[in-house]
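Structure, as structure tokens:
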Amino acid sequence: MTRAGPAPEPDIAGRLRAGLAALAGIGRDPTTGGYRRYGWTAAELACREWFRAEAAVRGLDCRSDGNGNLWALWGSSWAALPDGGGDVVATGSHLDSVPDGGAYDGPLGVLSAFLAVDLLRARGMTPTRPIAVVAFVDEEGTRFGVSCLGSRLLCGAIEPDRALALTDAAGVSLAEAMRAAGADPATAGLDRALLDRIGAFVELHIEQGRGLAALGGPVGLATGIWPHGRWRCRFTGQANHAGTTPLADRCDPMLTFANTVLSARKKARLAGALATFGRVSVTPNGTNAVPSSVDGWLDARAADEQTLHELVAEVGRAAAERGGRDGVTVAVTAESVSAAVTFDARLRTRLAGVLADLPGGAPGGVPELSTGAGHDAGILAALVPSAMLFVRNPTGVSHSPAEHAEDADCVAGVHALAAVLADLAGLVDPAGAVHKAGR
């Protein structure tokens, strides 16, 4: 096979800015400046069209799996891949967002994957194992309430019937949303054939915290993900007139809910954990009405599963106790719970060795840190050797329009990802030598 010589190094910083700019107008709220790209909505589907265009311009073989996740292959075609074998090295992230999310959470990982391919191609390299760039659907779980929905379905971590019956705030089910987008819900679920083709998955993501800022490196390696979940807390009282009902006669669910918010904060602090009520729905939601019910969604995370489940149980007990005094009933239902994840030790050690050879790293080696944020890599880790690279976030702000990463750090992330892919995929240089990045 004839191999072309290396071309000049591409302007990764310029391509990074251009890629983010191409996505900047999709799903952005003009008032807040944040992104509202919810799974299977027009904004998220437009992001997927961007993905397909990026794959096409690079000549990558792009396909959607039965769950709506997009895969763009370099080094082979999907039709030519043998069954099983674990030959594919996959990398990518997601394109959807939380309400008023930032520009980097998810898209940075997808864009960096494309740019890493550009970098390796410019060096005249060809992979001996195919490389797939992936964009998972509905990672945030904003619309249907279950995080990492696309990767959960792919890995069989959620039953298709349960997932397809999930509904959004307007009552639209996932099955209906898929049909409206031209996808067939009958194909949703575990895709063992696809998973058997993947030998490793590496997700690059902006760090959602300030760990790397303190450790002094632009790129870090994830050790694992805290156990975490979402619980729906329903407080049911009695609707009444705000102007005529004496305080002593009220069965006010808002009062119980407010007390529960404060209780969750205190109990999380004492446990060294995290608890957040970030979403609330009030019925009938009238200014001059005592509510009949309040639904609040508890997001809880902890360093270990025992602490997490004890925290949620304590919050539930405190809510029920307060509800008894307020004449309010309380029901707590788990909607999405993820166990603790420890990323593959052999893969992590291999990546640490690759990253240690790159210039501009942190003194003392590659920073390693755990995270409380959930990711698709955490779902795939149950079935595929998986790892994560974090790009430094100078302020730690995420899930916000203020989320930011410096261009230089993002470029360092692309170079780090390219080095990792070169090592895992056995890239061959123009002279025919197997490439070991930086060695």
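Quick notes
- Selection among ALA193, GLY101, VAL117 by position relative to the dipole of region 68-201 gives VAL117 as farthest towards the positive end (Cβ unit charges, Cα centre).
- FRET efficiency for ARG325 and GLU406, using Cβ-Cβ distance with R0 set to 56 Å, rounded to 0.05: 0.65
- Point-to-point label distance, GLU159-ASP11, nm (Cα→Cβ direction, 7 Å offset): 5.5
- Mean separation of Cα contacts under 8 Å, 6 or more apart, over the residue count of region 228-338: relative contact order %: 45
- Structure-based [θ]222 nm, the chain - -39500 (n - 2.57) summed over DSSP H runs of at least 4, per residue, nearest 500: -10500 deg cm²/dmol
- Sum of side-chain charges, GLY85 neighbourhood, beta-carbon under 11 Å (Lys, Arg +1; Asp, Glu -1): -1
- Sorted by Cβ density within 10 Å, fewest first, the residues MET178, MET254: MET254, MET178
- Convex hull of region 281-382 built on C-alpha atoms - directionally averaged projected area, nm²: 10.9
- Percent of beta bridges antiparallel (DSSP, the chain, rounded to nearest 5): 70
- For VAL428, nonlocal amide neighbours, meaning residues 5 or more places apart or on other chains whose placed amide H falls under 5 Å from its own, are THR126, THR128, HIS435.
- Region 232-331 - Rg and Dmax from Cα coordinates, angstrom: 14.2, 48
- Calculated over the chain, the projected area of the Cα convex hull averaged across directions stands at 22.0 nm².
Only the coordinates and a few stated rules stand behind these numbers; no lab work does. Because the structure is predicted, anything quoted here is derived from the model rather than measured. Backbone-built Cβ (ideal geometry, glycine too); neighbour counts: all protein chains shown.
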